[in-house]
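Peer 1: Before we start, here is the structure in question, set down as structure tokens.
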Amino acid sequence: MKSESVSFPLCAVTLLTLALSQHCAAIRWLAISQTAEHINKTQQCKMLPGLVSSQAQLCRTNLELMQIIVQAAREVKKTCQKAFADMRWNCSSIDAPKYLPDLERGTRESAFVYALSAAAISHTIARACTSGDLKLCTCGPIPGDALEPGHRWGGCADNLHYGLVMGSKFSDAPMKMKKKTGLHPNKLMHLHNSEVGRQALKDALVMKCKCHGVSGSCSIRTCWRGLQDLKEIAQDLKTKYLSATRVKHQPTGTRKQLVPKDIDVRPVRENELVYLQSSPDFCAKNDKMGSIGTQDSNAAIRGAKSFLLISALGGNGWLRLRRLTHSAHCQTLPGAVSEACESDADEAVQQDIERERQLRSDVLRTRLQPIHGESGGALPLQVPLVLLRHL
């Protein structure tokens with residue numbers, strides 16, 4: 001335990017001083033989104049909240065880059081909250097220091113935030129190179145690929161390479177601080193998910209073209225490699241969030257790695273998000289967990305109390321849904337088995353669910369379209385929250 005306490009002073013000097021574990025929160029650099037002043041003096045670096053020593057050093061040697069990183073932190077907050085605006089967990093964990101425990105418990109939500117943060121910082125830097133806001137870099141390289149007739153390479157490509165190099169150097173710094181006991185399992189998870197975010201960014205580099213020609217004939221197109229908007233990358237990562245794999249920390253020889261918790265689940269892929277712990281119950285309002293709850297939301301059926309439970313079976317690729325309410329059927333999703341029951345007569349369903357093996361426990365969210373009751377009338381319901389439990 002002593003070896004891990006070394007990082008405590010770094011946490012204590014930040015504005016985010018809530019003790020959540022035995023290691024400094026690696027995502028706390030997002031607190032610089034609250035920085036109002038322009039960063040143009042090296043003395044300002046030590047005053048920025050949430051930075052570890054290597055991040056502060058990068059700030060002192062790259063003041064111009066640091067201003068772009070502040071913009072990236074703001075983009076993470078805005079994009080995350082927009083992507084999860086219709087969910088019980090709405091990414092408010094990023095908004096205030098008291099919410100930080102929700103992002104450091106190795107949950108599915110922290111997996112998404114780390115991935116988005118890694119993608120956002122590299123995305124913002126790459127775009128800044130293109131726009132000229134960052135003088136340390138220029139446009140990205142011109143591809144050597146041959147284009148079809150009427151197309152030519154030109155324009156100013158997003159400098160993804162520079163964005164990835166400098167972005168990872170900054171965002172991964174807290175997780176690469178070595179301890180005598182090696183990396184904390186949460187840090188292994190965070191490094192993996194950060195790389196997933198950067199891979200999603202690489203996949204978002206697409207060819208963009210501009211037309212030229214007389215009277216808009218578009219006889220010639222000038223093309224370049226450009227990144228999709230961050231909101232599109234966030235949606236891709238949200239899909240990965242919904243299908244994330246629960247893992248555990250397992251020593252392998254002299255190394256440590258993350259392996260699926262369920263023994264019948266295939267090995268973790270490099271492009272999928274992973275998490276270590278189940279998410280809290282987001283059905284109840286909990287400011288400390290960043291949950292707005294279900295009261296006065298679309299999760300309430302008019303005239304009836306309803307709650308949708310979804311249990312993901314490890315390794316076999318299908319979902320099991322049930323809804324606890326009167327005279328209403330669950331909507332069946334593609335590749336899913338659904339089941340309806342009365343909220344006061346749930347024993348049979350409970351017994352059936354208990355027989356299901358290796359249920360994953362975590363929180364997922366989904367938005368359902370209006371569904372029909374037994375009478376054929378549409379129920380005025382959209383259920384944005386789905387709760388997985390380890391039954």
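Peer 1: Considering only residues that are surrounded by fewer than 20 Cβ atoms within 10 Å (Cβ to Cβ), of a type in the set (A, V, I, L, M, F, W, C) and assigned to a loop (DSSP other than H, G, I, E, B), which ones fall in segment 54-88?
Peer 2: Ala85
Peer 1: Something else now. Limited to segment 2-53, what total is found for residues that are surrounded by fewer than 16 Cβ atoms within 10 Å (Cβ to Cβ), in a loop (DSSP other than H, G, I, E, B), in contact with a Leu (Cβ under 9 Å, 6 or more places away or on another chain) and at pLDDT 50 or above?
Peer 2: Adding up the residues that qualify gives 2.
Peer 1: Does Ser217 satisfy the criteria of being at pLDDT 75 or above and within 30 Å of Glu148 (Cα to Cα)?
Peer 2: Spelling it out, Ser217 is indeed at pLDDT 75 or above and within 30 Å of Glu148 (Cα to Cα).
Conditions tested, residue by residue: (1) in a helix (DSSP H, G or I); (2) touching a residue at least 60 places away in the same chain (Cβ under 8 Å).
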{"residue": "Lys208", "(1), (2)": "no, no"}
{"residue": "Ser215", "(1), (2)": "yes, no"}
{"residue": "Cys223", "(1), (2)": "no, yes"}
{"residue": "Gly226", "(1), (2)": "no, yes"}
{"residue": "Ala234", "(1), (2)": "yes, yes"}
{"residue": "Lys240", "(1), (2)": "yes, yes"}
{"residue": "Gln250", "(1), (2)": "no, no"}
{"residue": "Leu258", "(1), (2)": "no, yes"}
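Peer 1: Pull up segment 246-275, narrow it to residues that are under 18 Å from the mean Cα position of the chain (by Cα) and more than 14 Å from Lys187 (Cα to Cα), then point me to the one that is surrounded by the most Cβ atoms within 10 Å (Cβ to Cβ).
Peer 2: Arg246
The values are calculated or read from the model by the stated rules, or taken from the named source; none is laboratory data. Here the structure is a predicted model, which is why all the values come from computation and not from measurement. Every residue, glycine as well, gets a Cβ built from its backbone with ideal geometry; the counts of neighbours run over all protein chains shown.
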